[in-house]
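What follows is a single structure, written as structure tokens, with notes after it.
Each value in this text was obtained by applying a stated rule to the coordinates, not by laboratory testing. No experiment lies behind these values; they were computed from the predicted model shown. Methodologically, a virtual Cβ is constructed for each residue, glycine included, from the backbone with ideal geometry; neighbour enumeration extends over all protein chains shown.
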Amino acid sequence: MRVGSTPRHLRIALLGLVTALACVVGSPAAGAPPRVSIFFLRGEQLASVQRPGATPLVAMRRLIAGPTPAEVKQGFRTYIPAGTEVRSVNVANGVATVDLNERFAAGSDSGSLLARLSQVVRTLTGPRGAKAVQLLVNGDVVAARFPGISMSGPITFRFLQTPNVAVPEPPGLRLPPPDAAVKAVQQRLIELGYLLPGDDDGRFGPATQNAILSFQKWERLDRTGLLNSQTKARLRLAAHPSPISRGAAGKRAEVLLDRQVALLIDDNKVVRTIAVSTGTASTPTPPGDYHVYAKIPRWWSVPFREWLPWALPFVGGIAFHELQDVPVVPASHGCVRQSFTVAHWTYNFAFVGMPVKVIARS
């Protein structure tokens, strides 16, 4: 019988059966222990994990306990200081009031303070109907500890999701006059895949400096971004970079943690090599095979309350993105930072589903 000719009452019965089966499959088994969602960080965003429990107090205790070793290997991190203790949690009239000891507010790093606050607010928003969180430390309201956030009243997660700063603009450029020697270097960098055709204007600016830095990183030279004698000599003899791994046809990316570069590859040929800054030792970018799962021109980091332009997330909150501060060494929360001179190009090169391989040693 054709589907279109099925009698209406049978279609309704079949629909009801499918719905019932979906409910059975999608619902926890009767008698299964309850679980709570707690929130750690994965790169620049919050990421949830499940733990046994049912109450806000249990959720806070599980949060303070931190990620498991297996979760740490996957890039989950907590910014809640060791020694933090939960004194009490009460939910009334949609507000979860949590009282922690003084360790929670210790330290002066603004990013860490904002991240740990976002973890608490997101974890307590939901259980027992809480819509906002009032934070206390040793029974008192916290004063002027969390940058840009008043702690005098309850905080909602929506508030943390709302940008409070403008999207950063690329710096204005005043480039020097064209120079024949600079143009020759640019042409060589184009041949090797560090600059793009048409970038040989003879002016030494941020794009050329970033290309030189990318070359130095790939060649394992001193990372100066300057055209010193060592770099000039290597430029004359260097070969075009090649992928570290063999992959399927089409576009893909390799992130080389030891060299701090990313290779943008098409049909197993490197199209462009760019300098990056990946995660620090305490917030490393996890090696592995991933895929770009979204393209977001302007991504707001809830925990750190900053914009991430031209974001290409590939696992949790870990993404390629532009940032004004891109040191020559690992410095991020796990993301792959890029200069404004290349980030938009990388964004246009990538597609949702593009393979990304993070390699520890090349």
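For the chain, how many pairs of lysine residues have a Cα-Cα distance under 29 Å, where the two are 8 or more positions apart or belong to different chains?
Lysine pairs, 8 or more places apart or on different chains, close enough: 19.
Given a Förster distance of 30 angstrom, what is the FRET efficiency for ALA180 paired with VAL271, based on the Cβ-Cβ distance and rounded to 0.05?
My answer for the efficiency is 0.65.
Could you give the C-alpha radius of gyration of the stretch 30-108 expressed as a fraction of 2.2 N^0.38 Å, taking N as the number of residues it contains?
Compared with the compact-globule rule of thumb, the stretch 30-108 sits at 1.18.
Quick one: what are the phi-derived ³J(HN,Hα) couplings along the stretch 283-290, Karplus 6.51/-1.76/1.60 with θ = phi - 60°, whole Hz, x for glycine and proline?
Once θ is set to phi - 60°, the couplings for the stretch 283-290 become 9, x, 7, x, x, x, 10, 9 Hz.
Can you bin the stretch 277-362 into rounded, prolate or oblate? Criterion: square roots of the alpha carbon gyration tensor eigenvalues sorted a ≥ b ≥ c, rounded for a/c under 1.5, prolate for a/b above b/c, oblate for the rest.
It is rounded, given that a/c, with a ≥ b ≥ c, falls under 1.5.
Considering the convex hull of the alpha carbon atoms of the chain, report its projected area averaged over all viewing directions, in nm², one decimal.
Approximately 25.5 nm², given one-decimal rounding.
Skipping prolines and chain starts, which residues have an amide H placed within reach, meaning under 5 Å, of the one on ALA47, given they are 5 or more residues away or on another chain?
PHE40, LEU41, ARG42
Using alpha carbons only, how many degrees (0 to 90, rounded to 10) separate the axis of helix 110-124 from the longest principal axis of the chain?
Its long axis makes an angle of about 30 degrees.
Assign one of three labels to the stretch 215-358, namely rounded, prolate or oblate, based on the Cα gyration tensor with a ≥ b ≥ c the square roots of its eigenvalues; rounded applies when a/c is under 1.5, prolate when it is not and a/b is larger than b/c, and oblate otherwise.
Here the stretch 215-358 falls in the oblate category.
Can you give me the Kirkwood hydrodynamic radius for the stretch 93-152, using every pair of distinct Cα atoms, in Å to one decimal?
11.9 Å
Students often get this wrong: which residues of the stretch 114-137 have the backbone nitrogen under 20 Å from the point 7 angstrom along Cα-to-C-beta of GLN74?
119-120, 122-124
Amide H to amide H under 5 Å from LEU100: which residues, 5+ apart in sequence or cross-chain, H placed 1.01 Å off N in plane?
ARG87, LEU136, VAL137, ASN138, GLY139
For the stretch 152-265, what is the charge dipole size about the Cα centre, in debye to the nearest 20, if Lys and Arg each add +1 at the Cβ and Asp and Glu each add -1 at the Cβ?
Approximately 240 debye in magnitude.
If the only charges are +1 at each Lys and Arg Cβ and -1 at each Asp and Glu Cβ, what is the size of the charge dipole of the stretch 207-362 around the Cα centre, to the nearest 20 debye?
300 debye
Measure off 7 Å from each Cα along the Cα-to-Cβ vector at ARG361 and LEU237, then give the distance between these two points in nanometres to one decimal.
2.5 nm
Give me a comma-separated list of calculated 3J(HN,Hα) values for the stretch 298-304, in order, Karplus coefficients 6.51, -1.76, 1.60 applied at θ = phi - 60°, integers in Hz, x for any Gly or Pro.
Computed from phi, the couplings for the stretch 298-304 are 9, 10, 8, 7, 4, x, 9 Hz.
Where does the charge balance sit around ASP325 when Lys and Arg score +1, Asp and Glu -1, over other residues with C-beta under 11 Å from its C-beta?
-1
Using +1 on the beta carbon of Lys and Arg, -1 on that of Asp and Glu, and nothing else charged, what's the dipole of the chain about the Cα centre, debye to 20?
For the chain, the charge dipole is close to 920 debye.
So who's got an amide H within less than 5 Å of the one on VAL261, skipping anything under 5 residues away but keeping other chains? H placed 1.01 Å off N, in plane.
The list, which skips near neighbours in sequence, is LEU256, VAL276.
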